[in-house]
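Asker: My questions all concern the structure below.
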């Protein structure tokens, strides 16, 4: 086996943020555009998003939700109706104020035809969907109303970062209305569970399910639930959120219904979403110093078959590669196999697929053709292996399954190794001075104490893990108070 | 069989535009939102769009294109670079000028934080994608570059109309770059053919393929090709367009490459798209006085099975309905069958599915259960029929196929009946005074003559049909000139 060096410089250990940028570039996933903070998702990156969409969309529909589409442009009055909501989004929203460009005296184009009232490019759609729900819902028979939307949203981020924080991003946002508080909260938890399953099974990402503190709650929500994962640098990434909105948005939008008792009542609503941010999480959770690593469920290509092209006898090797592809598809028609017959140098082609994160990269040369074998790299290891072709075909599915399991277990081991219990602010300070990770500490939930911890230690609460809400103890920030076990971390 | 009245008032003959609005309402497809000109696509409407997307996306990928995503917000400089392009879009574009809402002295929110430079909400993406192509393309080895995007776009329409003309709409836009003019033009024609197949096979819509005159060309294109269909009121609808852009956009965006001869050259580009407008076309082509009618390939539900619920013995009838669904799926797992067991009155439930355009609507009551039959309506007819259940199962696919064929042939007959040959302006005038349709006439292509015809007769050229470009004759507007056979019509 040839000597190896890392494909990505710097390594994760040397400079994690810079490694992240370079891994994205090496896999050709995305780039910033010349418009401030806006991202171009290139075909390799978008193919991952399409895989995510396909799985999530199927699951969202299975749970009874239907897709719809609501306007990109919102009346600013929408936002104004819910006090916390406007507070949360007014600071970072794109405003449309004119509807025409006209040549000015100096020859450049200037905005003309001012709108009667400025419009907001949606940062989220609670209010516009709420307004529609108010028209659509009349009686308890119209409930529950379960809607999902795939859309782009805009938030004026000042420090954009590919996939993690961009001015525009793609997401799905679910919006539902229910008869009772219990049903709306159940819905929020059901969707949290859906995200949990997606993260663990499709992303191979162990995640914590929990409730947010007041400081981290969605503007206007009564309760925000979230899924939190640990990245390889020990920082937390919020993978998805699910909000129990109480009657706040129903009141703001006048979503009323005639109940079973004939009385008019406000509906109870929920909303929940996840975004292209997931791709950032995927990279930071599984990537290594050779580039990104894709879990089998999300890899646009699961098995890349690379015939080595030398000129003489290429036809036979190419036919051998095609035969392998067919045998793999015969074993499982749902396998995503690609034969890359481009006449590139073997090494160049091989490294492109390795950096692209493909789970199984198969190389076929004259030697393999003559011996009836395949030489392959499983992307979670460094060593190429050789197997008889028919053996490889019969165990490809197992290899992929095992590969996914390895990714998951690596991540779980990492999280366990970097999770500590902290009894005091001093212990928190030491832990986060020394690299950090997830710190479990009792916390009273006071917003100003949380802000103080944020200012001093650059940490925030990630969640109060579900099922442990009753595990109470003296608050890490003010021992005179008590509070539930809470996860602290630095977060993306 | 019960006496029938039309479900939609007014009828098509009484008031086609109003019938259109009412058919959309009756099928619960979409509504205008309170934000001027913006549409809410409701779940029933969005499900049709998802069917369209799924078919088109598969075909677009089969022809070697990959999906990607480009920013919603464009620098206004992008538009400025191509003179015809800015001319075409500057009059109707939404401009983002501020990034914050702040409470003003009177308590209302006002836009603050003006941007250094206003941004345009994309009306189309030639320029932002062209700018990316310029970065991505270096050599002839990078060509052809074949990209597609599913996205929302905004054009400031003054007279919005559901699906047909809305301020925001959803579409797919393909953008490609090639080594030679021939390859780019071939690509434009290949995609026109893809749309043609989609229209004829999936939409059951006979369409004309043709070239646009200068007046109707896409701003900045060298040649625009389009698919044109006739609606039931005789007006034309442009279903999709495909543009050969020459080197205009490559020059504006500096898309250059090192050719096989080592010389640097500008690329040749194409772009092509179709939008949620297709849904409007579907309605106006196939709908009848009972509501919309959906072709089998695009119907979210192809067979609606409605057990009549009366209380006594409902369980048996419901089980009979479930058994029918299972038998249909056993015959073809790809069939889209829905059992609607809601406890509505039979007539109400039946009419909902009829107005929703479902190809086959099956009613099952005690009588059918006891006789082992099904009673069904094929949505292209008015009469319910009865068949033994097993016969219905074995011929369901044939019924759907035949149903699609009937829709297509009806449309073709309509178009043939309303297409005339016109030798003079007088003949054009008479034809369009008397209802109109498609008029075939020789036309020299002069833009001012076309504008004059538009002003006098409210007609425009739809296309010069492909394959008939050499069929020349004396121009209908100025017999001293000659020109190719051209289709004139009133158009949406």
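The values are calculated or read from the model by the stated rules, or taken from the named source; none is laboratory data. All values derive from a computational prediction rather than experimental measurement. Ideal geometry is used to build each Cβ from the backbone, glycine not excepted, and the neighbour counts take in all protein chains shown.
Asker: Looking only at segment A:462-480, decide whether some residue is touching a helix residue (DSSP H, G or I) at 6+ places or on another chain (Cβ under 6 Å) and closer than 25 Å to residue A:277 by Cβ.
Answerer: No, that holds for no residue.
Asker: Also: Please specify each residue of segment A:48-69 satisfying the condition of being within 7 Å of another protein chain (Cβ to nearest Cβ) and farther than 28 Å from residue B:32 by Cβ.
Answerer: A:50 - this is the single residue of segment A:48-69 that is within 7 Å of another protein chain (Cβ to nearest Cβ) and farther than 28 Å from residue B:32 by Cβ.
Asker: Looking at A:55, A:40, which is the one that is closer than 16 Å to residue A:275 by Cα and surrounded by 22 or more Cβ atoms within 10 Å (Cβ to Cβ)?
Answerer: A:40
Asker: Is it fair to say residue B:125 is closer than 26 Å to residue B:279 by Cβ, buried (at least 17 other Cβ atoms within 10 Å of the Cβ) and away from every other protein chain (no Cβ under 13 Å)?
Answerer: No: the conditions fail for residue B:125.
Asker: Further question on the same structure: Given the criteria farther than 30 Å from residue A:162 by Cβ and surrounded by fewer than 24 Cβ atoms within 10 Å (Cβ to Cβ), does residue A:265 qualify?
Answerer: In short, yes.
Asker: With respect to residue A:184, is the statement that it is within 17 Å of residue A:148 (Cβ to Cβ), crowded, with 23+ Cβ neighbours inside 10 Å and out of contact with any helix residue (DSSP H, G or I) (no Cβ under 8 Å at 6 or more places or on another chain) true?
Answerer: yes
Asker: In segment A:372-395, how many are in contact with a strand residue (DSSP E or B) (Cβ under 8 Å, 6 or more places away or on another chain) and under 23 Å from residue A:316 (Cα atoms)?
Answerer: Number satisfying all stated conditions: 13.
Asker: Only residues that are under 26 Å from residue B:232 (Cβ atoms), touching a residue at least 40 places away in the same chain (Cβ under 8 Å) and surrounded by 15 or more Cβ atoms within 10 Å (Cβ to Cβ): list them for segment B:428-442, please.
Answerer: B:428, B:432, B:436, B:437, B:438, B:439, B:440, B:441
Asker: Right, residue B:172: at pLDDT 95 or above and away from chain A (no Cβ under 14 Å) or not?
Answerer: no
Asker: Which condition number does residue B:135 fail, the rest of (1) in a helix (DSSP H, G or I); (2) facing another protein chain (nearest Cβ under 7 Å); (3) free of Cβ contacts under 8 Å to residues at least 40 places away in the same chain being met?
Answerer: If we test residue B:135 against (1) in a helix (DSSP H, G or I); (2) facing another protein chain (nearest Cβ under 7 Å); (3) free of Cβ contacts under 8 Å to residues at least 40 places away in the same chain, just (2) comes out false.
Asker: Right, something else. Name the one entry in B:8, B:24, B:40 that is farther than 30 Å from residue B:176 by Cα, within 12 Å of chain A (Cβ to nearest Cβ) and under 24 Å from the mean Cα position of the chain (by Cα).
Answerer: B:40
Asker: Give segment A:450-461 a look and list any residue that's touching a helix residue (DSSP H, G or I) at 6+ places or on another chain (Cβ under 9 Å) and assigned to a helix (DSSP H, G or I), or say none.
Answerer: The answer is A:450, A:451, A:453, A:454, A:456, A:457.
Asker: Which one of the conditions (1) closer than 29 Å to residue A:224 by Cα; (2) in a loop (DSSP other than H, G, I, E, B) does residue A:439 fail to meet, given that it meets all the rest?
Answerer: Here residue A:439 meets the rest and fails (2).
Asker: Which ones in segment B:70-89 are within 8 Å of chain A (Cβ to nearest Cβ) and crowded, with 22+ Cβ neighbours inside 10 Å?
Answerer: Hits for segment B:70-89 are B:70, B:71, B:72, B:73, B:74, B:79, B:86.
Asker: Scan segment A:90-122 for residues that are in contact with a strand residue (DSSP E or B) (Cβ under 8 Å, 6 or more places away or on another chain), surrounded by fewer than 15 Cβ atoms within 10 Å (Cβ to Cβ) and either over 21 Å from residue B:36 (Cβ atoms) or modelled with pLDDT of 95 or more (or both) and jot them down.
Answerer: A:103, A:104, A:114
Asker: Looking at B:205, B:162 in this structure, which one is more than 10 Å from chain A (Cβ to nearest Cβ), more than 30 Å from residue A:120 (Cβ to Cβ) and surrounded by 17 or more Cβ atoms within 10 Å (Cβ to Cβ)?
Answerer: Result of the check over B:205, B:162: B:205.
Asker: Separate question: What number goes with the only condition from (1) within 22 Å of residue B:67 (Cβ to Cβ); (2) in contact with a helix residue (DSSP H, G or I) (Cβ under 8 Å, 6 or more places away or on another chain); (3) not in a strand (DSSP E or B) that residue B:163 does not pass?
Answerer: Evaluating residue B:163 over (1) within 22 Å of residue B:67 (Cβ to Cβ); (2) in contact with a helix residue (DSSP H, G or I) (Cβ under 8 Å, 6 or more places away or on another chain); (3) not in a strand (DSSP E or B) leaves (1) as the failure.
Asker: If you check A:197, A:176, which single one turns out to be in a strand (DSSP E or B) and touching a helix residue (DSSP H, G or I) at 6+ places or on another chain (Cβ under 9 Å)?
Answerer: A:176
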